[in-house]
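What follows is one structure encoded as structure tokens, with my remarks underneath.
The values are calculated or read from the model by the stated rules, or taken from the named source; none is laboratory data. Fair warning: this is a prediction, and the values are worked out from it, not measured in the lab. Note: ideal-geometry Cβ built from the backbone for every residue, glycine included; neighbour counts use all protein chains shown.
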Amino acid sequence: MDSSAPSSVPSSSDDPPATHPFSALQPNRILDALESVGWRGDGRLLALNSYENRVYQAWMEDGSVVVAKFYRPERWSDEQIFEEHAFTAELADSEIPVVTPQIAAGTSLHHYEGYRFAVYPRRGGRAPELDDPDTLERIGRFIGRIHTVGARSAFTSRPSLDIAAFGTEPRQWLLAHAEIPADLLPAWQAAVDQCLSAVEAAFERAGAVKQIRLHGDCHAGNVLWTDDGPHFVDFDDARSGPAIQDLWMMLSGTTGEATRQVNDLLEGYRDFCDFDRRELQLIEPLRTLRLIHYSAWIARRWSDPAFPAAFPWFGTARYWQDRILELREQLAAMSEPPIEIP
């Protein structure tokens with residue numbers, strides 16, 4: 001079994017293979033960018049865990065600490081980033097605990113030497129205890145409040161979470177660029193095609209579920225817990241989609257455990273927002289789409305030096321064998337009845 005990184009994983013069209021745009025984002029440039037909009041650092045920077053963008057904790061001369069987020073070039077347009085910022089501001093105005101970008105020189109999005117960045121206040125917290133029913137109920141309550149605001153209006157620039165964007169297109173890209181081992185390619189293609197057919201059938205059964213503005217990536221890592229409760233961070237993947245997208249990533253374990261968890265979440269959620277139970281049959285299809293999209297995401301970003309370092313096993317025979325098994329398991333999961341709620 002080959003455990004080494006792939007010898008050649010093509011980059012996406014918006015990521016030049018020779019020199020990645022983030023390679024020029026050195027400490028001096030980060031500090032200069034912050035100072036250009038009024039945040040004068042004392043020289044201390046701490047890189048935070050982020051692959052899609054670059055995020056740094058920066059200490060200021062006045063003793064304060066901020067978090068600077070540098071957006072991946074060409075991923076989002078300025079209009080799409082402003083929609084993310086406007087959504088979080090709308091949530092904050094409704095007293096929902098989200099972390100919003102700070103305003104400087106009249107704007108939340110700043111430009112410096114080809115980079116776009118936003119500056120946030122530092123907010124600490126710990127991972128929520130998702131095995132605690134009361135914690136899940138409180139998280140569900142806040143997600144319900146987020147969705148109440150999210151349903152008030154629609155995104156005009158940000159895309160939707162749909163089968164084409166998270167399933168069909170990533171499949172095509174992987175087939176064209178990812179160099180799946182020839183002996184595994186037929187099995188992977190068969191598994192992904194069967195899964196996409198099952199996903200399409202599930203969405204057809206669910207019918208026209210409501211599309212609202214979502215957090216989009218609402219997993220436990222983006223919920224920071226304090227003694228006063230949670231606050232939600234990183235709306236970078238905010239999109240339009242079904243409400244269940246912001247709930248299913250909180251679920252884990254057996255079907256019985258996931259059933260208890262979703263009922264705990266909805267106990268709080270339905271205090272503020274109606275829930276369409278038809279969306280329960282989209283949990284496994286949405287999980288399947290995320291898995292397909294995740295493989296394509298890593299492959300597209302391979303020219304970024306952070307990705308080979310973080311995912312050295314990507315592209316190996318073992319990697320694709322595991323993905324085939326994973327997709328077959330998802331195919332079985334999508335054939336099971338959906339979770340039931342009262």
Among helices (runs of 4 or more DSSP H) entirely within the stretch 123-213, at least 2 residues that are of a type in the set (Gly, Ala, Ser) and within 20 Å of Leu247 (Cα to Cα) occur in 133-150, 185-206
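Any idea how many residues of the stretch 58-97 are farther than 30 Å from Trp302 by Cα and either in contact with a helix residue (DSSP H, G or I) (Cβ under 9 Å, 6 or more places away or on another chain) or assigned to a strand (DSSP E or B) (or both)?
Of the residues in the stretch 58-97, the ones farther than 30 Å from Trp302 by Cα are 59-65, 86-97.
Retained after the next criterion (residues that are either in contact with a helix residue (DSSP H, G or I) (Cβ under 9 Å, 6 or more places away or on another chain) or assigned to a strand (DSSP E or B) (or both)): 59-60, 65, 87, 90-91, 93-97.
Qualifying residue count for the region: 11.
Does Asp264 satisfy the condition of being out of contact with any His (no Cβ under 7 Å at 6 or more places or on another chain), of a type in the set (D, E, K, R) and either more than 16 Å from Leu136 (Cα to Cα) or surrounded by fewer than 19 Cβ atoms within 10 Å (Cβ to Cβ) (or both)?
Working: out of contact with any His (no Cβ under 7 Å at 6 or more places or on another chain): yes; of a type in the set (D, E, K, R): yes; either more than 16 Å from Leu136 (Cα to Cα) or surrounded by fewer than 19 Cβ atoms within 10 Å (Cβ to Cβ) (or both): no.
When the stated conditions are applied, Asp264 does not pass them.
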Scan of the stretch 27-57 for residues that are assigned to a loop (DSSP other than H, G, I, E, B) and under 25 Å from Trp297 (Cβ atoms), ordered by number:
Leu48, Asn49, Ser50, Tyr51, Glu52, Asn53
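Would you point out which residue out of Phe275, Phe307 is farther than 24 Å from Asp183 by Cβ, in the same structural domain as Thr168 (by TED's automatic domain parsing) and surrounded by 20 or more Cβ atoms within 10 Å (Cβ to Cβ)? Walk me through it before giving the result.
Details: Phe275 fails: surrounded by 20 or more Cβ atoms within 10 Å (Cβ to Cβ).
The conditions single out Phe307.
Give the stretch 70-82 a look and list any residue that's touching a strand residue (DSSP E or B) at 6+ places or on another chain (Cβ under 9 Å) and not hydrophobic (A, V, I, L, M, F, W, C), or say none. Let's see the steps before the verdict.
As a first pass, look at the stretch 70-82 and keep what is touching a strand residue (DSSP E or B) at 6+ places or on another chain (Cβ under 9 Å): 70-73, 76, 78, 81-82.
Once the filter is applied, which keeps residues that are touching a strand residue (DSSP E or B) at 6+ places or on another chain (Cβ under 9 Å) and not hydrophobic (A, V, I, L, M, F, W, C), the stretch 70-82 yields Tyr71, Arg72, Pro73, Asp78.
Do the conditions hold for Ala151, that is, is it surrounded by fewer than 20 Cβ atoms within 10 Å (Cβ to Cβ), under 28 Å from Ala299 (Cα atoms) and modelled with pLDDT of 95 or more? Steps first, please.
Values: surrounded by fewer than 20 Cβ atoms within 10 Å (Cβ to Cβ): yes; under 28 Å from Ala299 (Cα atoms): no; modelled with pLDDT of 95 or more: yes.
Judged against the criteria, Ala151 is not a match.
Tell me the residue from Ala104, Ala68, Ala92, Ala86 that is buried (at least 17 other Cβ atoms within 10 Å of the Cβ) and of a type in the set (Gly, Ala, Ser), please. Working first, answer last.
Working: Ala104 fails: buried (at least 17 other Cβ atoms within 10 Å of the Cβ); Ala92 fails: buried (at least 17 other Cβ atoms within 10 Å of the Cβ); Ala86 fails: buried (at least 17 other Cβ atoms within 10 Å of the Cβ).
Unique residue meeting the criteria: Ala68.
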Within the stretch 215-228, tally of residues that are closer than 11 Å to Asp246 by Cα and touching a Lys or Arg at 6+ places or on another chain (Cβ under 6 Å)
1
